[in-house]
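S.K.: Take this structure, written in structure tokens, and hold onto it; I'll ask about it next.
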Amino acid sequence: AAGSAGPRGGARWACSAAGAEKASVELGTGVSMEYFSLPAAAGSASAAKPPVLFVHGSFHSGWCWAEHFMPYFSQRGFDTFSVSLRGTNGTPLPAADAAAGVNKVQLDEHTADIGAFIDKVLPGGSKPALIG
């Protein structure tokens, strides 16, 4: 439901794309990162399977994985997550950057955000399989 608390205290919204849940989490890198999650389908989960983290390319956001790819992996026993990178509509630039006129994002900022997301959101500090 819109406005309810997410798994790590961020805002949470429902996503109609194949049952994925849309949420937001505050990261130590200064961004409020939008992400989508879809747990492993009932009866298919395995502790031996790593979570899958999808990372979009240019001119997209985390939603692009939610309709087909996340359900595919979920049905095969993987917890799935997709992020919206800094500077996209889902994860805007930090307020200080926007106020300073910054309008470009460096790759090291994306990697720092992804690392912070993994540390804060993924279960038990697990190492994900990255797809992007």
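S.K.: Rounded to the nearest 0.05, what FRET efficiency do D108 and F59 give with R0 = 22 Å and r taken as the Cβ-Cβ distance? Could you check?
M.R.: 0.60
S.K.: Something else about it: Which residue, N103, F73, F36, has the largest displacement toward the positive end of the dipole of the chain when charges sit on each Cβ (Lys, Arg +1; Asp, Glu -1)?
M.R.: F73
S.K.: So what is the accessible area of the chain per residue, in Å², with the probe set to 1.4 Å?
M.R.: For the chain, the solvent-accessible area averages 54 Å² per residue.
S.K.: Continuing with this model, one more query. Label points 7 Å out from Cα along the Cβ direction at A129 and H68: separation in nm?
M.R.: 1.8
S.K.: Could you work out how much longer the chain between A41 and A96 gets when fully extended? Use 0.36 nm per residue separation minus the Cα distance between them, nm to one decimal.
M.R.: Result: 15.8 nm gained on full extension.
S.K.: Moving on. On the protein heavy atoms, probe 1.4 angstrom, tell me the percent of accessible surface of the chain carried by carbon and sulfur.
M.R.: Answer for the chain: carbon and sulfur cover 57 percent of the accessible area.
S.K.: Largest first, please: the extent of the C-alpha atoms of the chain along each principal axis, to the nearest Å.
M.R.: Per principal axis, max minus min of the Cα coordinates gives 50, 29, 26 Å.
S.K.: Is it possible to state the helix-based mean residue ellipticity at 222 nm for the chain, with each DSSP H run of 4+ residues giving -39500 (n - 2.57), the sum divided by total residues, to the nearest 500 deg cm²/dmol? What is it?
M.R.: Calculated mean residue ellipticity at 222 nm is -6000 deg cm²/dmol.
S.K.: Sorted by packing (mean other beta-carbon atoms within 10 Å per residue), highest first, where do 59-66, 102-109, 78-85 land?
M.R.: 78-85, 59-66, 102-109
The values are calculated or read from the model by the stated rules, or taken from the named source; none is laboratory data. Note that the structure is predicted; figures quoted are calculated from it, not measured. Methodologically, a virtual Cβ is constructed for each residue, glycine included, from the backbone with ideal geometry; neighbour enumeration extends over all protein chains shown. Side chains included, ligands, DNA and RNA excluded: accessible areas come from the protein's heavy atoms. Shrake-Rupley method; radii C 1.70, N 1.55, O 1.52, S 1.80 Å.
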